[in-house]
Amino acid sequence: MDPKDVDAVILVGGKGTRLRPLTVSKPKPMLPTAGLPFLTHLLSRIAAAGIEHVVLGTSFQAEVFSDTFGDGSELGLEIDYVYEPEPLGTGGGIANVAPKLRHDTAVVFNGDVLSGADLGQLLAFHDERDAELTLHLVRVADPRAFGSVPTDADGRVTAFLEKTQDPPTDQINAGCYVFQRELIEAIPRGRALSVEREIFPRLLADGVRVCGYVDASYWRDMGTPEDFVRGSADLVRGIAPSPALHGHRGESLVHDGASVAPGALLYGGTVVGRGAEIGPGVRLDGAVIFDGAKVDAGSVIERSIIGYGAQIGPRALIRDGVIGDGADIGARCELLRGARVWPGVVLPDCGIRYSSDV
Ligand code: GTP
């Protein structure tokens, strides 16, 4: 199947609640990841596979997407946008793009998945099996948090089980689907529907030919702070592939206009955004520092995200945390294990600590 004869559809209309407060100011697929909006990595992968036409299914903060990507020509793509004034869920979002489709086959992506799957092979598999729908599946160590998708010896999907405590297989829904267009056109339009909970089970019950393409490529859903930090670090270190990074591979990535004082240590896939300032003796291990943030002398930041223009005072410790845009964290504060500081919040010096000495 020639990728030129396939539409790509990307669902980007979610509110990204699990990544709050970062998603207060930006939709999840636009958060900077290894220095680029996350969606740029996916769009580059789509372009590299030879697909030319992309439809973005938007809702929450829709204008941010068109303002950034325009007609798509900078990425060698033609991008169309559709808008849901009220979010229609993943199924309603897919139905909503139907009028913009140009071809008989569409590959639909969740806009928050970092994946190295070979799209050419996925499309060839769909074609060879004469499938009406092909789901990309990956194997994970703990499938309980995902949709579990068993297949038979011919690769046909036999069930679709959303998050269950007792999954029958370690194959999970990877958030990328190849649809024949008639199936998309048959989804009722204009009402909220979940593709995972409603449409897939119904298609299976109706006897539609649904196949599962299983591979061992890199895969990560970037929906939580923990996964976002890991995915970003994997991009920086070259563990997760992205054509947009042109082969970058290293322990850290420091962007133009950032300053890093001598003696600061950056590793673990750390990213320092444009205009950010990192003071002397700072240790950044797998940290994601957004543009314009400032980290003062002697602070330690591990596996955490520091929002746009946030300030971290001297000798602070932030481990597995998220600091919102423009927040001001006082000297020697300690923020650990899932702490989330909302944008603009000011914490005084020593304002939060886990030990009794100040
Ligand atoms: P959480 O609130 O943290 O669960 O994030 P989310 O709202 O992004 O939901 P989820 O991670 O389940 O969404 C998977 C993908 O579908 C993401 O790329 C979302 O942007 C997208 N998505 C979710 N809901 C909608 C919707 O109602 N409409 C559209 N067009 N896309 C959606």
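The values are calculated or read from the model by the stated rules, or taken from the named source; none is laboratory data. Just so it is clear, the model here is predicted, and its values are computed rather than measured. Here the Cβ positions follow ideal geometry from the backbone for every residue, glycine too, while neighbour counts run over all protein chains shown. The area values use the complete protein model at the heavy-atom level, side chains included, leaving out ligands, DNA and RNA. Shrake-Rupley method; radii C 1.70, N 1.55, O 1.52, S 1.80 Å.
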Every pair of residues 6+ apart whose Cβ atoms lie under 7 Å, when the first sits in the stretch 194-213 and is within 23 Å of Leu88 (Cα to Cα) while the second is in a loop (DSSP other than H, G, I, E, B) and open to solvent by 40 Å² or more (accessible area, probe 1.4 Å): Glu196/Glu162; Arg197/Glu162
Any hit, the stretch 233-246, residues being in contact with an Asp or Glu (Cβ under 7 Å, 6 or more places away or on another chain) and on the phi > 0 side of the Ramachandran plot: no
Matching entry among Val210, Val214, Val178, Val195 (being assigned by TED's automatic domain parsing to the domain that holds Arg156, open to solvent by 10 Å² or more (accessible area, probe 1.4 Å) and either at pLDDT 95 or above or within 16 Å of the ligand (Cβ to nearest atom) (or both)): Val214
Val260 open to solvent by 10 Å² or more (accessible area, probe 1.4 Å), under 23 Å from Asp320 (Cβ atoms) and β-branched (Val, Ile, Thr): yes
Number of positions in the stretch 304-321 that are open to solvent by 40 Å² or more (accessible area, probe 1.4 Å) and within 29 Å of the chain's Cα centre (by Cα): 4
Number of positions in the stretch 322-340 that are within 16 Å of Phe228 (Cβ to Cβ) and crowded, with 19+ Cβ neighbours inside 10 Å: 4
Residues being outside any loop (DSSP other than H, G, I, E, B) and away from the ligand (no atom under 12 Å from the Cβ) - total across the stretch 31-42: 6
Members of the stretch 217-237 found to be open to solvent by less than 20 Å² (accessible area, probe 1.4 Å) and either hydroxyl-bearing (Ser, Thr, Tyr) or out of contact with any Phe, Trp or Tyr (no Cβ under 9 Å at 6 or more places or on another chain) (or both), listed by number: Gly223, Val229, Ser232, Ala233, Leu235, Val236
Any hit, the stretch 53-69, residues being open to solvent by 10 Å² or more (accessible area, probe 1.4 Å) and in contact with a Ser or Thr (Cβ under 7 Å, 6 or more places away or on another chain): no
For Thr68: the one exception among (1) within 10 Å of the ligand (Cβ to nearest atom); (2) without any contact (Cβ under 8 Å) to a residue 40 or more places away in the chain; (3) hydroxyl-bearing (Ser, Thr, Tyr): (1)
Some residue of the stretch 78-86 being assigned to a loop (DSSP other than H, G, I, E, B), more than 8 Å from the ligand (Cβ to nearest atom) and in contact with a strand residue (DSSP E or B) (Cβ under 6 Å, 6 or more places away or on another chain): no
Number of the exception - Val208 against (1) part of a loop (DSSP other than H, G, I, E, B); (2) within 22 Å of Gly13 (Cβ to Cβ): (2)
Qualifying positions in the stretch 341-358 - open to solvent by less than 60 Å² (accessible area, probe 1.4 Å), part of a loop (DSSP other than H, G, I, E, B) and within 19 Å of Ala297 (Cβ to Cβ): Cys350, Gly351, Arg353
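Yes/no matrix, rows are residues, columns are (1) touching a strand residue (DSSP E or B) at 6+ places or on another chain (Cβ under 9 Å); (2) part of a helix (DSSP H, G or I):
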site	(1), (2)
Asp7	yes, no
Ile10	yes, no
Lys15	no, no
Val24	no, yes
Pro29	yes, yes
Ser44	yes, yes
Ile51	yes, no
Val55	yes, no
Val64	yes, yes
Every pair of residues 6+ apart whose Cβ atoms lie under 8 Å, when the first sits in the stretch 7-30 and is free of Cβ contacts under 8 Å to residues at least 40 places away in the same chain while the second is aliphatic (A, V, I, L, M) and near the ligand (Cβ under 8 Å from one of its atoms): Pro27/Val12
